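To start, the structure itself, in structure tokens.
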Amino acid sequence: MFPVIQIGPLSIQSAGLFILAGFYFALLVTGNAAKAAGLVSGKIENTILISAAAGLVGARLGFLVQNPDVFRNNLDGIFSPSGSLLDLSSGILFALLTAAILLQKYHLPVLKVLDATALGAAIQTVGVLLSRFASGGDLGIATGLGWGLQIAGQVRHPVQVYEILSIVILGAICRLSFQRKQESFPDGVTFFLTSAAIASILVIMQVFHESSNYIYKFRTDQLAYLVILVISLISVEVLFTRRVSKLKEETN
């Protein structure tokens, strides 16, 4: 779409710029949330930085595994900053796994830390989606609707725009709805509800993606987002069940 932003004599890769901008604002928001929760922000920022790096590596490896032909005659492309060469679901899984390991290493309260990162994770997801939209490589299916965009010789759904708007709107609604209730939520619920909301949006929006990667007739990205959605919902159920059980014990 607009892979390069021209500012005077400077040519800036827009895909990398959006990822970096998303990461910067996510880190800023998470740091403030961590301080508000009384957590040691230094260790959390280290965890975020390392997990983000692992997520980017995982996103590129995931894309490489699913699309080996893209790099067969272009090995330098492996190190390209293009957002279209990133597999978002693989990146999320790698980042979460790395974060879980580091949280255990630093002996941080995992659930409280997860809550502090919830809004930041949503911001970073938007940054990655903007990167993929800017690079124009993650194509939507053809459409005859008036708001379709001319991409790769066809008028297509601007699928990343749908995803970003859905995340922003749903996030705003949840923020307003849960603002007064968050203090009564068990630790970790805010993060897992955020993860479930984002994953559900990405699962639904997969119908607008032009994808050729399937496992037993299921889109690979869709399966990955479904796994995240199911794990998040189960986690919310478990956390609330534990809270109810604890309240019953205290009452008795």
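Per residue, the range 108-252 exposes 55 Å² of solvent-accessible protein surface, assessed with a 1.4 angstrom probe and all protein chains in place.
Remark on the chain: ratio of C-alpha radius of gyration to 2.2 N^0.38 Å is 1.07. Wrap a convex hull around the Cα atoms of the range 112-252, take a quarter of its surface area, and give that in square nanometres. Approximately 10.6 nm², given one-decimal rounding. Here's how it looks for residue 155: its modeled amide H is under 5 Å from those of 143, which are all 5 or more places away or on a different chain. Sorted on the mean count of surrounding Cβ atoms within 10 Å across their residues, most packed first, peptides 194-200, 44-50, 148-154 read 194-200, 44-50, 148-154. Taken about its Cα centre, the chain carries a charge dipole of about 400 debye when Lys and Arg each add +1 at the Cβ and Asp and Glu each add -1 at the Cβ.
Here the Karplus relation 6.51 cos²θ - 1.76 cosθ + 1.60, evaluated at θ = phi - 60°, turns the backbone of the range 54-70 into coupling constants of 5, x, 5, 4, x, 5, 6, 5, x, 5, 5, 5, 7, 9, x, 5, 4 Hz, with x for every Gly and Pro. Solvent-accessible area assigned to carbon and sulfur over the chain amounts to 67 percent, based on a 1.4 Å probe.
Can you work out the base-10 log of I(q)/I(0) for the range 88-177 at q = 0.12, 0.13 1/Å, using the Debye formula on its C-alpha atoms alone? Values, matching the q order: -0.52, -0.59. The mean of 1/r over all pairs of different alpha-carbon atoms in the range 128-169, once inverted, gives a Kirkwood hydrodynamic radius of 10.5 Å. Computed with a 1.4 Å probe on the full set of protein chains, the accessible area for residue 78 sits at about 50 Å². Taking only Cα atoms, what is the 0 to 90° angle, nearest 10, from helix 220-251's long axis to the longest principal axis of the chain? Between helix and principal axis, roughly 10 degrees.
For the chain, the number of Lys pairs separated by eight or more positions or lying on different chains, with C-alpha atoms closer than 28 Å, is 14.
The values are calculated or read from the model by the stated rules, or taken from the named source; none is laboratory data. For clarity, every value in this text was computed on a predicted model and none was experimentally measured. Because the Cβ atoms are built from the backbone with ideal geometry, glycine has one as well, and the counts that use them run over all protein chains shown. Surface areas here come from the heavy atoms of the whole protein model, side chains and all, with no ligands, DNA or RNA. Shrake-Rupley method; radii C 1.70, N 1.55, O 1.52, S 1.80 Å.
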